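Below is one structure; the comments refer to it alone.
The values are calculated or read from the model by the stated rules, or taken from the named source; none is laboratory data. No experiment lies behind these values; they were computed from the predicted model shown. Keep in mind that these areas ignore ligands, DNA and RNA; they rest on the heavy atoms of the full protein, side chains included. Shrake-Rupley method; radii C 1.70, N 1.55, O 1.52, S 1.80 Å.
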Amino acid sequence: VNYPKEVSAVSESPEILILNGPNLNMLGVREPNIYGCETLADIEELCRKRAIAHGLKGNFKQSNSEGEIVADIQSARDTAAGIIINGAGYTHTSIAILDALKISELPIIELHLSNIHAREAFRHHSYIAKAATGIICGFGAHGYVLAIDAMARLIECAD
Ligand code: DQA
């Protein structure tokens, strides 16, 4: 089969798992003054293109369920070269997600659209931060592009 160039390059590329937590499926209509006007589908497309530019494959997921996010992180141990996670509300509550991230032994980037430190006090603490290699927040949808650039560097340095 003669696949288009882009497709064949992607199938051999290292995978990065890009996980999105609860309510991020509502981007576009959800408090656009805080989270921006891009939809999650817009962000997924941004990520797909940026990953390809680095010779990586972005596996982009969203779930409203903590257990599903834990299961995705567990699977990534065998399938992914790194994890970018916007844990959304679970960032501030989930020891289970923190534990799963630690088990993965992968480079991890914590990501938020908004600057969580400039917001309500309950958003200032992050469990995910304890497992993260680095944190990006406050750049809106562009933060995903920054996170993929940073992950590409981390993966390159690990080789
Ligand atoms: C968020 C920040 C969280 O505090 C919030 O619960 C979210 C989104 C962000 O991307 O800015 O759902 O992770």
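Would you work out the Kirkwood radius for segment 3-151? I mean one over the mean of 1/r across all pairs of different Cα atoms, in Å.
15.3 Å
What does DSSP give for the chain in terms of the percent of beta bridges that are antiparallel, rounded to the nearest 5? Let's see the in-between values first.
On the way: 0 of 18 bridges.
Around 0 percent of the beta bridges assigned by DSSP in the chain are antiparallel ones.
Could you tally up the Lys pairs in segment 1-124 with alpha carbons closer than 21 Å? Skip any pair fewer than 8 positions apart unless they're on separate chains.
5
Quick one: angle between helix 40-53 and the longest Cα principal axis of the chain, in degrees between 0 and 90, rounded to 10, please.
Helix 40-53 and the main axis of the chain meet at about 40 degrees.
If one takes the longest principal axis of the Cα atoms in the chain, at what angle in degrees, from 0 to 90 and to the nearest 10, does the Cα axis of helix 66-79 lie?
Once rounded, the angle reads 30 degrees.
Which whole-Hz ³J(HN,Hα) couplings does segment 95-106 yield from phi under the Karplus relation 6.51 cos²θ - 1.76 cosθ + 1.60, θ = phi - 60°, glycine and proline marked x?
3J(HN,Hα) across segment 95-106, in whole Hz: 5, 5, 5, 4, 4, 5, 4, 5, 4, 5, 6, 10.
How far is helix 142-158 tilted off the main Cα axis of the chain, in degrees rounded to 10, range 0 to 90?
Approximately 60 degrees, to the nearest ten.
What whole-number value in Å² describes the accessible area per residue of the chain for a 1.4 Å probe?
Value returned for the chain: 52 Å² of accessible area per residue.
How much mean residue ellipticity at 222 nm does the chain get from its helices, if each DSSP H run of length 4 or more adds -39500 (n - 2.57) and you divide by all residues, to the nearest 500 deg cm²/dmol?
The helix contribution divided over the chain gives -12500 deg cm²/dmol.
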